[in-house]
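Data block below; observations after.
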Amino acid sequence: NRMNNLKVAAAVILTTAVAVSCTHEPISTAAPAVSFKNDIVPVLTARCALNSACHSGAVNSGNNINLDSAAAYTSLQARHLVITDNPAASLLYVEVSSGIMPKAPASPLDAAQINMILNWIKQGAPEN
């Protein structure tokens, strides 16, 4: 009798555990959506256009990339700096992740900012 009670208790515990685990949403491993206007532009403007003044409209030359907020997306697309089908090969990602850009006096992007840029490119680099 005691053995039967233990088997029933074990079956109830196992059934409850399975039922509880099945009611939870699966854990998402997808990166959160990155907004170009809200996430990417502030980083590019602060680190590449304002602090260094290298990529602002005020000093933009024929060989320079304008990363002022209003022109950033057009400039990135026109220069083919973003490759959505091979994000790790995108020149924007390569240069910020390797520390080539931004140049002094601007400080390098931190790991979270670099990862955010990579995730934005992986998400198709939308102008959102």
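Each reported figure results from applying straightforward, stated rules to the coordinates on display, with no laboratory input. None of these values were measured; they are calculated from a predicted model. Positions of Cβ are backbone-derived with ideal geometry, glycine not excepted, and every protein chain shown enters the neighbour counts.
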Note, ³J(HN,Hα) from phi for region 97-105, Karplus 6.51, -1.76, 1.60, rounded to Hz, x at Gly and Pro: 6, 8, x, 4, 10, x, 7, 4, x
Extension gain, Ala31 back to Leu91 (0.36 nm per residue minus Cα-Cα distance, nm): 19.5 nm
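What is the extension gain from Ala46 to Asn64, computed as 0.36 nm multiplied by their sequence separation minus the C-alpha to C-alpha distance, in nm to one decimal?
On the way: separation 18, 0.36 × 18 = 6.48 nm, distance 1.68 nm.
Length difference between fully extended and current span is 4.8 nm.
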Separation of the Ala111 and Gln77 label points, Cα + 7 Å toward Cβ, nm: 3.3
For Asn128, distant residues with modelled amide H under 5 Å away: Phe36, Lys37
